[in-house]
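Asks: This is the structure, below, for whatever I ask next.
Please treat every number below as a calculation from the coordinates, not as lab data. Since we're looking at a predicted model, the values are computed, not measured. Virtual Cβ from ideal backbone geometry, glycine too; neighbours counted across all protein chains shown.
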Amino acid sequence: MSKSEIAVAKPKSLAKGLLAGLVGGLVGTVAMTLAERLLPAHNWKASDADTKSDGVRWAFGAAVGAAYGAVAEFYPAATAREGITFGMAVGALSEEGVLPAIGVIAKPSARDRAAEITSHVVYGVATEIVRGFVRKRL
């Protein structure tokens, strides 16, 4: 490979990683919301309908996306599998771990689990595609 063919690596930047991840997380939240409309899960408790408000969803999606962008900036292996691993991890930690533990949702049924995994994979892939696109342009 000649010197002219060697790609110049962009310097690492926490701020750029956070920003790219934040934008990716917001787009990922849109994609996940659309996926959930196609495959709705029913494990949210009816009395906690306010907990699943749009504000919480958008804030969580953006914050997790920003954190992902920061990690990806310094640990590129985190982006393995084009965001699938990231989406599955977010789903496992939220839908299988924290939310049932604090009583926001019931433990998901097999059908609900499949729908949640699918929607979180969609979130992860969309977040990674947009994060990578935005980061290359910063």
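Asks: Just to confirm a number: summing +1 for Lys and Arg and -1 for Asp and Glu over residues other than Ala62 whose beta-carbon lies under 14 angstrom from that of Ala62, what do you get?
Replies: In short, +1.
Asks: What aspartates and glutamates sit close enough to Lys12 to cross-link, taking a C-alpha to C-alpha distance under 19 Å and skipping anything fewer than 8 places away on the same chain?
Replies: Glu73, Glu128
Asks: In whole Hz, with x marking every Gly and Pro, tabulate ³J(HN,Hα) for region 86-100 from phi via Karplus 6.51 cos²θ - 1.76 cosθ + 1.60, θ = phi - 60°.
Replies: Computed from phi, the couplings for region 86-100 are 4, x, 5, 5, 4, x, 5, 5, 8, 6, 9, x, 5, 4, x Hz.
Asks: Put a dot 7 Å past each Cα toward the Cβ at Arg37 and Ala106; how far apart are the dots in nm?
Replies: 2.6 nm
Asks: Still on this model: So how far apart, in nm, are the two label points at Ala59 and Arg81 if each is 7 Å from Cα heading toward Cβ?
Replies: The two pseudo-label positions are separated by 3.0 nm.
Asks: Can you find, among Leu34, Ala15, Ala115, the residue farthest towards the positive end of the dipole of region 14-137? Put +1 on the C-beta of Lys and Arg, -1 on that of Asp and Glu.
Replies: Result: Ala15, furthest along the dipole toward the positive end.
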